[in-house]
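A short reminder: the numbers here are calculations on the coordinates, not readings from a lab. Owing to the predicted nature of the structure, the values given are computational and were not obtained by experimental measurement. Here the Cβ positions follow ideal geometry from the backbone for every residue, glycine too, while neighbour counts run over all protein chains shown.
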Amino acid sequence: MTRAEIVALFDRREAAWQRHDPEALAGDHRDEAIAVSPMHGRLEGRKRIREVYQTWFSAFPDLTVTTDDLIVDGDRAVHFFTIKGTQAAPFGGVPPTGRRISISGAWLYAFDDSGKIREDRRLYDVTAMMVQIGALRTKLPGD
């Protein structure tokens with residue numbers, strides 16, 4: 001894949017995130033793709049990856065994903081992002097709280113020769129997210 005093709009793929013993905021379209025997002029992955037997520041573990045196959053996209057959209061119906069930066073190197077890319085949303089349905093075993101999240105992180109992608117995602121690794125602070133929805137408490141200095 002050329003750099004221009006990878007950038008175009010991420011432009012399409014950004015539009016799919018805005019539409020809350022798990023089918024389009026999962027469609028960028030190979031059938032046998034692997035995704036590794038701090039929240040959902042090792043995901044094997046496009047179907048399972050699609051289910052996780054849908055889980056996020058169901059739990060956070062106002063979810064937004066903003067691209068902070070995109071770095072492309074050969075057949076790999078790093079997508080730095082910020083996710084924001086309000087938890088309105090169960091997520092990660094936590095009942096709906098109505099609380100907002102705002103987390104930053106990075107997805108590391110590897111592409112195959114056909115332009116599909118063969119692997120992605122999702123890096124973000126699960127603990128901060130769980131604190132924000134009220135599932136975990138932290139002690140602040142001086143508490």
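Some observations on this one:
- Of all residues making up the range 1-45, the number that are under 22 Å from Asp69 (Cβ atoms), acidic (Asp, Glu) and touching a Lys or Arg at 6+ places or on another chain (Cβ under 7 Å): 1
- Of all residues in the range 97-143, those that are within 19 Å of Gln54 (Cβ to Cβ) and without any contact (Cβ under 8 Å) to a residue 24 or more places away in the chain total 0.
- Scanning the range 1-19 for residues that are outside any helix (DSSP H, G or I) and out of contact with any Phe, Trp or Tyr (no Cβ under 6 Å at 6 or more places or on another chain) yields a total of 1.
- Scanning the range 22-39 for residues that are surrounded by fewer than 17 Cβ atoms within 10 Å (Cβ to Cβ) and over 18 Å from Gly115 (Cα atoms) yields Val36, Pro38, Met39.
- For the range 20-48, the tally of residues that are under 26 Å from Asp125 (Cβ atoms) and either among the polar types (S, T, N, Q) or not in a loop (DSSP other than H, G, I, E, B) (or both) stands at 14.
- You will find that of Asp75, Asp62, Asp28, the residue that is within 22 Å of Met130 (Cβ to Cβ), in contact (Cβ under 8 Å) with a residue 12 or more places away in the chain and acidic (Asp, Glu) is Asp62 and no other.
- Residue check for Arg99: within 29 Å of Val131 (Cβ to Cβ), in contact with a helix residue (DSSP H, G or I) (Cβ under 7 Å, 6 or more places away or on another chain) and among the charged types (D, E, K, R): yes
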